[in-house]
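**Q** Next up is a structure, given as structure tokens.
The values are calculated or read from the model by the stated rules, or taken from the named source; none is laboratory data. Everything quoted here is computed from the prediction, not taken from an experiment. FYI the Cβ positions are ideal-geometry reconstructions off the backbone, even for glycines, and counts take in every protein chain you see. Quick note on the areas: whole protein, heavy atoms, side chains included, nothing else; ligands and nucleic acids left out. Shrake-Rupley method; radii C 1.70, N 1.55, O 1.52, S 1.80 Å.
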Amino acid sequence: MTRQFKVDAATAALSLVEQGMKVGLGTGSTAEEFVRVLAPRVAQGLSIIGVPTSERTGILARELGIEISTLDSHPQLDLTVDGTDEIDDRLQLIKGGGAAHLREKIVACASDKLAIIADHTKKVEMLGAFPLPLEVIPFGLTATSIAIEKLCRRDFGLTTALTLRKVAGEPVITDNGNLILDASFGRIPDTKGLANGLSQIPGLVEHGLFIDIADIAFIAGPDGVETISSAPA
Ligand code: 5RP
């Protein structure tokens, strides 16, 4: 059922894609559904160039016959469609569950519009139940971790357990050669403040808070697809 909701959300986002667009392609299972629903439109003659946010999305898009390119070749995109780990009704997001949030944020910020697609389980009242992904460079990992914990406690009253993300006992290495720390907060009342604070820490390349970046979201559930838009009605 959840898969069908992802397909429904992805299909809704297709309405934003127009002939000749340069389209950022997100990462994760929901973003992959978007690539899958986009591919038949391309086969039918829709001409777009896709800019993937991860190696794995690029491989899938190429396999399905979508022309892909790089952000360096196309530094200004019309639209990016991506998934999320959490979203609130102000279009604030936590991303990075797939360890791709650094490239996702670069691509999103180079796009005229960021459309988020998600199933209804991603919608929350307050961000923070999902551990916040932090991409950190391997050099000075312990010092960086201490700086993060100190900032969170001192400036935001947040105590956090930082966990080095591992798969099969080995640290996850991002497409950029970095590590991921997951910060469990439970709830993040001051998302903007925390995002700004974390951005000041050297060694922390990018955090997974997306504040004032998304423009529209399609959230699919048993009652249909809810659209949340930042534009005035
Ligand atoms: C990858 C992401 C993904 O968009 C996020 O993890 C959602 O993934 P899924 O659609 O598989 O639930 O941010 O870094």
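**Q** When you check Asp182 against the structure, is it open to solvent by 20 Å² or more (accessible area, probe 1.4 Å) and without any contact (Cβ under 8 Å) to a residue 40 or more places away in the chain, yes or no? I'd like the intermediate steps shown before the answer.
**A** Numbers: open to solvent by 20 Å² or more (accessible area, probe 1.4 Å): yes; without any contact (Cβ under 8 Å) to a residue 40 or more places away in the chain: no.
Answer is no for this residue.
**Q** Here is a further query. Of all residues in region 49-60, count the ones that are under 16 Å from Val107 (Cα atoms) and either more than 14 Å from the ligand (Cβ to nearest atom) or open to solvent by less than 40 Å² (accessible area, probe 1.4 Å) (or both). Reasoning before the result, please.
**A** Within region 49-60, the subset under 16 Å from Val107 (Cα atoms) is 49-58.
Checking which are either more than 14 Å from the ligand (Cβ to nearest atom) or open to solvent by less than 40 Å² (accessible area, probe 1.4 Å) (or both) leaves us with 49-54, 57-58.
Number satisfying all stated conditions: 8.
**Q** Now for a different question. Scan region 75-90 residue by residue and report those that are over 23 Å from Asp190 (Cα atoms) and within 8 Å of the ligand (Cβ to nearest atom). If you could, list the steps in order and put the result at the bottom.
**A** Residues of region 75-90 over 23 Å from Asp190 (Cα atoms): 75-82.
The answer is Asp82, and nothing else.
**Q** While we're looking at this one, here's another question. I'd like to know if region 91-101 contains one or more residues that are open to solvent by less than 60 Å² (accessible area, probe 1.4 Å), within 16 Å of the ligand (Cβ to nearest atom), within 23 Å of Val17 (Cα to Cα) and assigned to a helix (DSSP H, G or I).
**A** Checking region 91-101: at least one residue is open to solvent by less than 60 Å² (accessible area, probe 1.4 Å), within 16 Å of the ligand (Cβ to nearest atom), within 23 Å of Val17 (Cα to Cα) and assigned to a helix (DSSP H, G or I).
**Q** Inspect all residues belonging to region 63-76 and state whether any of them is crowded, with 22+ Cβ neighbours inside 10 Å and farther than 21 Å from Ile216 by Cα.
**A** Narrowing region 63-76 to residues crowded, with 22+ Cβ neighbours inside 10 Å: 66.
Checking which are farther than 21 Å from Ile216 by Cα leaves us with 66.
Yes, that holds for at least one residue.
**Q** Given (1) at pLDDT 95 or above; (2) more than 10 Å from the ligand (Cβ to nearest atom), where does Met1 come up short, assuming only one miss?
**A** Here Met1 clears every test but (1).
**Q** Another one. Can you tell me which residues in region 102-130 are away from the ligand (no atom under 16 Å from the Cβ) and either among the small types (Gly, Ala, Ser) or not in a loop (DSSP other than H, G, I, E, B) (or both)? I'd like the intermediate steps shown before the answer.
**A** Applying the first criterion (away from the ligand (no atom under 16 Å from the Cβ)) to region 102-130 yields 110, 112-113, 125-126.
Of everything in region 102-130, just one residue is away from the ligand (no atom under 16 Å from the Cβ) and either among the small types (Gly, Ala, Ser) or not in a loop (DSSP other than H, G, I, E, B) (or both), namely Ala110.
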